[in-house]
Amino acid sequence: MEQHPDRRILVLARIGRDSELLCAALQRQGFMCTQVFSQDDILHELKVGAGAAIVTEESLNGAGENWGRRLHAQPAWSDLPVIVLTGAGGSKFTARSPLYRSYSNITLLERPVRPEILVSAVETALRARLRQYEVRDYMERQGESQDALRRTEKLAVAGRMAASIAHEINNPLAAITNLLFLISTSQDLETIRKYNAIAQEELRRVSDIANQTLRFYRAPNPPELVKISEVTDSALALFRSKLRTNSIKVHRDYAEHAEITVSLGELRQVLVNLIANAIDALPNGGNLLLRTSAVRHPRDGREGVSITVADDGQGISPEAQNRIFSPFFTTKGTTGTGLGLWLTRDILEHQRGYIRYRNHRSPHGAVFTIWLPIHPPANVAAPQLQAHAS
Ligand SMILES: Nc1ncnc2c1ncn2[C@@H]1O[C@H](COP(=O)(O)OP(=O)(O)O)[C@@H](O)[C@H]1O
Ligand SMILES: [Mg+2]
């Protein structure tokens, strides 16, 4: 059999040479075996890898609910099979034993156990365990492909931003080029001063845009105290000329002084996604509403802020309603990635916030509301996809 800790049988028997004999017997049958000396050893070895555990009833003395609960606290995919060798002529171990109540993957075998019975019980346990490993591997692969998706969407967002930044910078640069030409051909000092003032104003716009962009990509950044209205406005600023050319009127309704501690880059990304979607929903112009307010979490009462991005476009079609948060779901053909909302929800859940949406009828349109806690959860810096790794 392949030498891998995942397939080891842990044996815990406290009396005499029981565990040595058991291990020797199992090894003769081709199983890998590791003797352990306490219930804690089992928990410890399990972290390294184990296929099943065989324990004698007497070595479980005092193994109550606590041990069961700790054993139960394995990764979601894992449920170590435990074979308990009970005393001859019936067992004190019953369905009401604390261990049994707190841990369910237990098989009882009454001693003396015929070797073929033991071997078949161990084989069954190992087979079940191998299936658990398949689930683990599947979950790991899923985690990797989700990471890849997240990177893809980040690239798409970066590409979109680069395009809109180039666009934003192009207009003032064209104006400055014209103004310099006018200055070079003008004789009148008064006129030259006037052109010069306008050119300086345009240059300031360029440097504003550059500054905002740099702040954008100081990512990935740790949580910091941010003023919601400032982040919202700086996300809006990226779409300034698009909003103008598409005749979209922006309405802002900000709660005074709303501040939270959050990763600035992530919050901006969320807002950019939602604003970009609203703009896409308004190809013939319309209204875009941004509203921020300080509200508590509806269920657990945590302090936080909500940000609403609403538009009066077509709203979300009935076919799309349940799918907009799925990766790759898009109604925009080749121009959409279908990853924006998926990533947005991922970011918010990671921050222990949420996103909701609804359509409103009059006027028509989609309303997206996000909520974030004022204080980030303690584990927010931890990579989320490792939750299942053992
Ligand atoms: N404001 C909105 N109005 C109408 N539909 C929307 C809006 N926001 C998102 N949607 C729908 O959700 C889909 C998924 O959005 P998203 O995940 O951002 O991907 P993408 O924008 O690349 O299509 C969109 O294709 C669209 O059908
Ligand atoms: Mg989108």
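Rule-based calculations on the coordinates, nothing more; no lab input. Everything numeric here is computed off the predicted structure, so don't read it as measured data. Heads up, the Cβs are rebuilt from the backbone with ideal geometry, glycines too, and the neighbour counts pull from every protein chain shown.
Table for the structure above
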item: Partner aspartates and glutamates for residue 242 [C-alpha distance under 19 Å; skip if fewer than 8 residues away on the same chain]; result: 168, 202, 208, 233, 280, 311, 312
item: Most to least packed among 226-235, 333-342, 317-326, 129-138 [average Cβ atoms within 10 Å]; result: 226-235, 333-342, 129-138, 317-326
item: Extension gain, residue 197 back to residue 131 (0.36 nm per residue minus Cα-Cα distance, nm); result: 16.4 nm
item: In order through the range 369-377: 3J(HN,Hα) via Karplus (6.51 cos²θ - 1.76 cosθ + 1.60), integer Hz, x for Gly, Pro; result: 10, 10, 10, 10, x, 5, 10, x, x
item: Shape category assigned to the range 1-62 from the gyration tensor of Cα positions, a/c cut at 1.5; result: oblate
item: Where labels lie 7 Å past Cα in the beta-carbon direction, separation of residue 152 and residue 184 in nm; result: 4.8
item: Share, in percent, of DSSP beta bridges within the chain that are antiparallel, nearest 5; result: 55
item: Evaluated at q = 0.06, 0.10, 0.12 Å⁻¹: base-10 log I(q)/I(0), Debye formula over Cα of the chain; result: -0.43, -0.80, -0.95
item: Degrees separating the helix 340-350 axis from the principal Cα axis of the chain, which is the longest one; result: 60
item: Shape category assigned to the range 5-142 from the gyration tensor of Cα positions, a/c cut at 1.5; result: oblate
item: Interchain or long-range residues, amide H under 5 Å from residue 287's placed H; result: 249, 312
item: Choice from 188, 79, 311 showing the highest fluctuation, given a GNM over the chain with Cα pairs closer than 10 Å; result: 188
item: Binned Cα-Cα distances of the range 231-303, short to long, each 10 Å bin given as a whole percent; result: 17, 46, 28, 9, 0
item: Placed amide H near residue 11: partners under 5 Å, 5+ positions off or other chain; result: 34, 35, 36, 54
item: Other-chain or far-sequence residues with amide H under 5 Å of residue 365's (modelled H); result: 315, 360
item: Rounded to whole Hz, the Karplus (6.51, -1.76, 1.60) HN-Hα couplings of the range 102-111, x for glycine and proline; result: 9, 9, 9, 8, 10, 10, 9, 10, 8, 7
item: Rounded to 10°, Cα long-axis angle of helix 115-185 versus longest principal axis of the chain; result: 10
item: Cα-based shape type of the range 237-385, given that a ≥ b ≥ c are square roots of the gyration tensor eigenvalues and the cut on a/c is 1.5; result: prolate
item: Relative contact order %, the chain, counting alpha carbon pairs below 8 Å whose residues are six or more apart; result: 11
item: The chain: angle of helix 39-48 to the longest principal axis, Cα-based, in degrees nearest 10; result: 50
item: Charged-residue dipole, Cβ positions (Lys, Arg, Asp, Glu), the chain about Cα centre, Debye nearest 20; result: 500
item: Residue 163/residue 257 FRET efficiency (R0 45 Å; Cβ-Cβ; nearest 0.05); result: 0.85
item: Sequence-distant lysines (8 or more away, or on other chains) whose Cα lies within less than 30 Å of residue 249; result: 154, 227, 332
item: Overall dimensions of the range 159-316 by Cα: Rg and Dmax, Å; result: 19.1, 70
item: Helix-only [θ]222 nm of the chain, DSSP H runs n ≥ 4, -39500 (n - 2.57) each, per residue, nearest 500; result: -15500 deg cm²/dmol
item: Options 304, 179, 365, ranked by Cα towards positive dipole end of the chain, top entry (Cβ charges); result: 365
